[in-house]
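As structure tokens, the structure follows; a few thoughts come after it.
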Amino acid sequence: MARGARRSRQRAIAAVIVITLSALPEVLAAELPITKNSPIHDFQNRPQDVTPYDFDAPPQGLFRTITTAEGFDEELGFHRTHEIVPVKPTDRFRSDIPAVFIVFHLHQHYQGFQVFGRCFPEAVAGLDPTVVIGQDAMHIALEDESGYLKLSPPQDAWKPGRYKVEIHVGEQVNEMSLMGTMRFTIVAASGD
């Protein structure tokens with residue numbers, strides 16, 4: 001009989017423990033402060049505060065500066081690195097220019113990648129605006145803070161008109177790698 005009494009005592013103790021543990025969340029919950037129900041828009045970006053990213057404008061974000069120029073030069077940078085700087089920055093070029101350069105400075109980045117430039121004749125007489133007429137790519141290493149793209153004229157000469165250059169960043173060009181668009185104008189040289 002002592003064994004039966006011991007079992008019933010153990011069952012009673014187990015029952016008390018179960019009842020106590022099941023009531024514990026209610027006791028703890030009663031001590032939490034009550035907060036007001038906040039509307040969902042307090043936790044989301046409001047449409048009036050968000051400006052959409054414009055892929056048809058010069059790239060932002062990764063690029064500190066980006067410009068078209070007649071050339072580039074290398075200088076010793078602040079951190080004793082080679083810094084690429086634009087020479088004669090402009091968005092209007094003569095048709096006899098041997099190449100158009102896109103020179104850029106980057107914000108700090110934590111891995112290497114490539115910058116691609118794909119040139120299209122946006123408004124050039126006799127050229128299809130959907131066909132790529134020139135492209136260039138530059139590998140950017142972890143320590144690089146600047147770079148350039150060189151666009152050579154199609155068929156040895158630029159035709160007067162307006163050109164656009166899609167700037168892509170990544171390992172390859174695809175619909176997700178587009179960062180922005182640069183534009184420049186070619187004007188007839190005085191001898192043309």
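The values are calculated or read from the model by the stated rules, or taken from the named source; none is laboratory data. Model, not experiment: these values are computed from the prediction. Neighbour counts are summed over all protein chains in view; Cβ atoms, including those assigned to glycine, are modelled from backbone coordinates with ideal geometry. When the accessible area is computed, the model is the full protein with side chains, heavy atoms only, and any ligands, DNA or RNA have been set aside. Shrake-Rupley method; radii C 1.70, N 1.55, O 1.52, S 1.80 Å.
Computed values, structure above
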| item | result |
| --- | --- |
| Sequence ranges 117-125, 51-59, ranked by mean other-Cβ count within 10 angstrom, highest first | 117-125, 51-59 |
| Net charge contributed by nearby residues that have their C-beta within less than 13 Å of Pro129 (K/R +1, D/E -1) | +2 |
| Eligible lysines near Lys164 by straight Cα distance, threshold 18 Å, same-chain separation 8 or greater | Lys150 |
| Longest to shortest principal axis, alpha-carbon extents of the chain, angstrom | 120, 41, 29 |
| Principal-axis tilt of helix 2-31 within the chain, Cα atoms, nearest 10 degrees | 40 |
| Peptides 145-152, 85-92 ordered by average Cβ neighbours within 10 Å, highest first | 145-152, 85-92 |
| Within a Gaussian network of the chain (alpha carbon springs, distance under 10 Å), most fluctuating of Ile84, Ile19, Ile97 | Ile19 |
| Over the chain: helical MRE at 222 nm, DSSP H runs n ≥ 4 each giving -39500 (n - 2.57), nearest 500 | -5500 deg cm²/dmol |
| Percent accessible area from carbon and sulfur atoms, the chain, protein chains only, probe 1.4 Å | 55 |
| Rel. contact order, % - alpha carbon contacts under 8 angstrom, at least six apart, the chain | 21 |
| For segment 129-177, accessible area per residue (1.4 Å probe, heavy atoms of protein chains only), Å² | 58 |
| Spatial separation of Cα centroids for segment 108-135 and segment 56-100, in angstrom | 15 |
